[in-house]
Each structure stands twice: as structure tokens, then as C-alpha cells.
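Engineer: Below is the structure I would like to discuss, written out as C-alpha cells.
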Amino acid sequence: LGLAATASSGLPVGFAVASGPATIADGTNLAFTGTGTVTVVASQAGDENWNAAADVARAFGVTEPPLRIEASKASVGVREAGEGRVYVRLTMAPATNVLVGVSRSAGSTNVWVKSGTLLVFKPSNWNVWQVATLASAEDENDTKETATIRMSATGLPAQYVAATALDDDIGENVALA
């Protein structure tokens with residue numbers, strides 16, 4: 001979070017964390033390190049032409065966002081008789097290992113999860129994208145079948161991705177896996 005303040009003198013304003021779960025890097029970048037009340041103080045020291053301004057303190061509450069499952073995209077194309085991929089990670093480090101199940105939850109049975117049906121996220125690898133490979137069978141119709149892919153873990157809200165089989169009966173399939 002970038003901090004900004006101006007002084008009527010035009011002199012630079014400095015910032016410091018007086019208390020709470022936060023740090024300041026590069027002078028103006030406020031980063032939160034936990035949950036609680038943070039107090040930030042803005043200071044302007046003055047110079048040979050201007051007196052120092054009175055410090056201004058602002059306090060506010062900080063809550064950590066909940067742990068969630070994140071997908072690399074909201075929809076994915078799956079080549080007919082081929083594959084498509086969606087990448088999965090968590091939004092923050094978990095306290096313990098989190099098992100994320102990946103499965104087709106609705107739609108065409110012609111689209112399914114080929115590999116990556118169970119992804120293990122640890123406190124050490126929560127932010128590394130892991131792959132779930134989707135597949136679609138060859139068929140004789142020219143319909144683009146769709147399915148909903150569900151990523152879920154105990155205690156977390158599920159994440160959904162729309163998967164569409166890119167039919168090759170219409171013409172050349174130029175989709176990339």
C-alpha cells in the first residue's frame with residue numbers, strides 16, 4: 001500500500017509505523033504483517049526556511065484476507081481429443097498442508113480432469129502454480145461441450161473454472177493446450 005502526504009511548504013513528508021503489524025519499505029510502501037491495529041505517523045522535519053510540521057498519526061484496523069484457492073483463469077479451452085490446462089495456487093500461506101481436489105462438477109462428461117485431481121499445498125509452496133490437466137474425447141458432432149471444473153478444499157470456498165471442448169469437426173483447431 002503506497003502512502004502519500006503533502007506539506008504546504010512543499011518539503012517531503014516521511015512515514016513511520018508507530019505501532020502494530022506493519023512495516024514501511026522504500027519510505028512509502030506500507031506492508032501488513034498480521035492482524036491488529038496499525039498506527040502510522042507522518043512527519044515533516046522542516047528546513048532553514050520552514051519550521052517542522054506537527055506529526056500526524058492515523059490508526060486503523062487490519063484484518064488478514066481469508067485463505068482462498070486461486071485459479072490462473074476463469075475459463076479454459078480443451079482441444080477435442082487433446083488437453084487444456086488450468087493452474088492453481090493459494091492466496092496466502094496456510095498454517096498446515098491444504099489438499100485441493102480438482103473435479104468436473106457439472107456439464108458435459110466429454111470434458112474431465114485427466115491429471116492433477118489432488119494438489120497438495122504446503123506452507124512452503126502455497127504460491128507456486130500447480131497444474132490440473134483437462135481432457136476431451138474425440139467425437140463426431142460439431143458441438144462445443146462445456147463443463148464446470150471445481151477446485152475445493154476443506155474449510156475453503158470452492159473456485160470454479162469453465163472448460164470448453166474446442167471441437168475439431170468444424171475446421172482446423174488452432175487452440176493451444
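The values are calculated or read from the model by the stated rules, or taken from the named source; none is laboratory data. Fair warning: this is a prediction, and the values are worked out from it, not measured in the lab. Backbone-built Cβ (ideal geometry, glycine too); neighbour counts: all protein chains shown. When the accessible area is computed, the model is the full protein with side chains, heavy atoms only, and any ligands, DNA or RNA have been set aside. Shrake-Rupley method; radii C 1.70, N 1.55, O 1.52, S 1.80 Å.
Engineer: For the range 8-81, how big is the tail of P(r) above 15 Å, as a whole percent of Cα pairs?
Structural biologist: Result: 68 percent of Cα pairs exceed 15 Å.
Engineer: Same structure again: GluC sites (Glu not before Pro), restricted to the range 45-89: which are DSSP loop and have at most 16 other Cβ atoms within 10 Å?
Structural biologist: Loop-located and lightly packed - E48.
Engineer: Sticking with this structure for a sec: Send over a whole-number figure in Å² for the accessible area per residue of the chain, probe 1.4 Å.
Structural biologist: 57 Å²
Engineer: Determine the dipole magnitude for the chain: charges of +1 sit on the beta-carbon of Lys and Arg, -1 on that of Asp and Glu, nothing else is charged, the reference point is the Cα centre, and the result goes in debye to the nearest 20.
Structural biologist: 760 debye
Engineer: Continuing with the same structure: Dipole magnitude of the range 1-100 about its Cα centre, charges +1 at Lys/Arg Cβ and -1 at Asp/Glu Cβ only, in debye to the nearest 20?
Structural biologist: Around 500 debye, computed over the range 1-100.
Engineer: May I pose another question? With a cap of 14 neighbouring Cβ atoms within 10 Å, and only residues DSSP puts in a loop, list the trypsin sites (Lys or Arg not before Pro) found in the range 25-128.
Structural biologist: Passing both the DSSP loop test and the Cβ count: R68, K73.
Engineer: With springs only between Cα atoms under 10 Å, which of G116, G27, G101 fluctuates most in a Gaussian network model of the chain?
Structural biologist: Most flexible of the set in this elastic network: G27.
Engineer: State to the nearest 20 debye the size of the charge dipole of the range 78-140 about its Cα centre, where the only charges are +1 on K and R beta carbons and -1 on D and E beta carbons.
Structural biologist: 440 debye
Engineer: Can I ask one more? Using +1 at the C-beta of Lys and Arg and -1 at the C-beta of Asp and Glu, which of V128, V41, W112 has the Cα lying farthest in the positive direction of the dipole of the chain?
Structural biologist: V41
Engineer: While we're looking at this one, here's another question. I'd like the distance separating the alpha-carbon centroids of the range 1-48 and the range 73-145, in whole Å.
Structural biologist: Cα centroid of the range 1-48 versus Cα centroid of the range 73-145: 42 Å apart.
Engineer: Further question on the same structure: Using Cα pairs under 8 angstrom and six or more residues apart, how large is the relative contact order of the range 1-89, in percent?
Structural biologist: 21 percent
Engineer: To continue, here is another question. Round to a whole number: what % of the accessible area of the chain belongs to carbon and sulfur, probe 1.4 Å?
Structural biologist: Answer for the chain: carbon and sulfur cover 52 percent of the accessible area.
Engineer: Over the chain, what relative contact order in percent results from Cα pairs under 8 Å that are six or more residues apart?
Structural biologist: 19 percent
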